[in-house]
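Structure record follows, encoded as C-alpha cells.
The values are calculated or read from the model by the stated rules, or taken from the named source; none is laboratory data. Just so we're clear, the structure is a prediction, and the values are computed from it rather than from any experiment. When we count neighbours, we look across all protein chains shown, and the Cβ atoms used for this are built from the backbone with ideal geometry, even at glycine.
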Amino acid sequence: MRQIRLKLLSLPVLMAVLAACASMGNTLAQDLAWERWEKCRVGGIVLSRITPDGRIWVTYTADHGGALREWQECDRKAAAEQGRRRVTTSQPSPSQVTISGAAAAQGPIQAPVWKIGNEWAYRYESPSGAGTFVWSLDRVEAYEGQPHYVIKAGTREIFYRVTDLAFTQETVDKAPVRQVTPSDWRWVAFPLVPGKSWEMKYHETRPADRQTESIERSCTAEAEEVVTVPAGTFSTVRVSCKNTRNGAWILTVWYSPQVTHLVREESSVTGGKRLRELISYRLR
C-alpha cells in the first residue's frame, strides 16, 4: 500500500500524501493511524482494520504476546513523535508579520458555519507528553434549548453553541465531565476584530469530581498575524485570555477564518505550557 513509504518522506511531502489518502475516503484520524502502523509493523501482528476514529485493531496468536507489547510500545512512541513534529520551513511560527490592509479591510470576522464532517487534526506538546488528536463535527444537537455543534474526539464530545461557538459542556462516553453555566466561555467572540475585548463570568462544574468553580476570564483580540504551522501558513487573529481576578495568563489562540478554527494554541497547564498546532484539516 502507498502508506509504506510515509516514514521516508519529509513533512511537506508527508502532508501531501495524507491529503491524497483523505481524498480516497480516510478520515484524518485514520491517516495518522496509518502513518503509525507503517512505521511499527511487527512480525506476528496482523492489521485487522483502522476505524474512522483512528483506533488500530490487530490480530495475533497466543505465542506472539511479546510482539504485541513491542508493537504497542512502538505505536505509543510514534504517536508522541507525531505530536513533536515541527514545521520544516524556514518561516517563523508564529510570525509577527501583520496581515495586509486588504485582508483587514474585509471587515469583522463573523461566526463560522460548520458542517457535519469537518475535521481538524492537531499535534500537542505539554509537560505530561506529546501526541495528536482529531476534532470532527459529528452532528448538531439541541442542548439547553439551543442548537449546538457536537465535536467528537474518540469517545469525548465537546458542545459548542451554534450561534457564537460558546463552550457549554464536555462528555466522555456520554457522561458529562465538564459543564459551564451560564454558557459564556468563548475563546473567540464574534464578530471578531483586532482590539476587541470581552469578559466572562461563569461556573464550571465537573460532575465526576463533584466540584464547581466560579471563574472570571477576560480576553482580547490583540493583533492580526501570519502564522506557520505544520498544516501551512495562515492569516489569523491572535487572542489572549487571562484570569480577571489576578491577571494571570491563561491561554493564547490564533484563529483562522480560512480554517474556521484555531490553528495554534498556547495554554497554561500544570507544570508549564501546552502547545497545540494544526497539522491538517478538511472542511465540507
Among the residues in the stretch 160-179, are any of a type outside the set (Gly, Ala, Ser) and touching a residue at least 60 places away in the same chain (Cβ under 8 Å)?
no
Step by step: first the residues of the stretch 141-162, then only those that are assigned to a strand (DSSP E or B) and charged (D, E, K, R), then the one that is surrounded by the most Cβ atoms within 10 Å (Cβ to Cβ). Which residue is that?
GLU157
Would you pick out the residues in the stretch 34-67 that are touching a helix residue (DSSP H, G or I) at 6+ places or on another chain (Cβ under 9 Å) and either in the same structural domain as TRP135 (by TED's automatic domain parsing) or in a helix (DSSP H, G or I) (or both)?
TRP34, GLU35, ARG36, TRP37, GLU38, LYS39
Residue that is farthest from the chain's Cα centre (by Cα), among those in the stretch 178-228 that are of a type in the set (S, T, N, Q) and closer than 13 Å to ALA166 by Cα
THR181
Output yes when any residue across the stretch 23-39 is surrounded by fewer than 16 Cβ atoms within 10 Å (Cβ to Cβ) and at pLDDT below 50, and no when none is.
yes
Checked against (1) exposed (fewer than 14 other Cβ atoms within 10 Å of the Cβ); (2) touching a helix residue (DSSP H, G or I) at 6+ places or on another chain (Cβ under 9 Å), GLY195 satisfies every condition except (2)
Scan the stretch 124-140 residue by residue and report those that are within 26 Å of ALA189 (Cβ to Cβ) and surrounded by fewer than 13 Cβ atoms within 10 Å (Cβ to Cβ).
ARG139
Among the numbered conditions (1) within 27 Å of ALA29 (Cβ to Cβ); (2) loosely packed, with under 13 Cβ neighbours inside 10 Å; (3) of a type in the set (Gly, Ala, Ser), tell me where ALA166 comes up short.
(2)
Name the residue, out of VAL180, VAL188, that is in a loop (DSSP other than H, G, I, E, B), at negative phi and assigned by TED's automatic domain parsing to the domain that holds SER267.
VAL188
Consider the stretch 199-217. How many of its residues are touching a Ser or Thr at 6+ places or on another chain (Cβ under 7 Å), closer than 25 Å to PRO108 by Cβ and not acidic (Asp, Glu)?
2
Among ALA248, ALA208, ALA231, ALA221, which is buried (at least 20 other Cβ atoms within 10 Å of the Cβ) and over 25 Å from ARG282 (Cβ atoms)?
ALA221
Do we have LEU192 as in contact (Cβ under 8 Å) with a residue 60 or more places away in the chain, out of contact with any Ser or Thr (no Cβ under 8 Å at 6 or more places or on another chain), within 22 Å of TRP254 (Cβ to Cβ) and not hydroxyl-bearing (Ser, Thr, Tyr) here?
yes
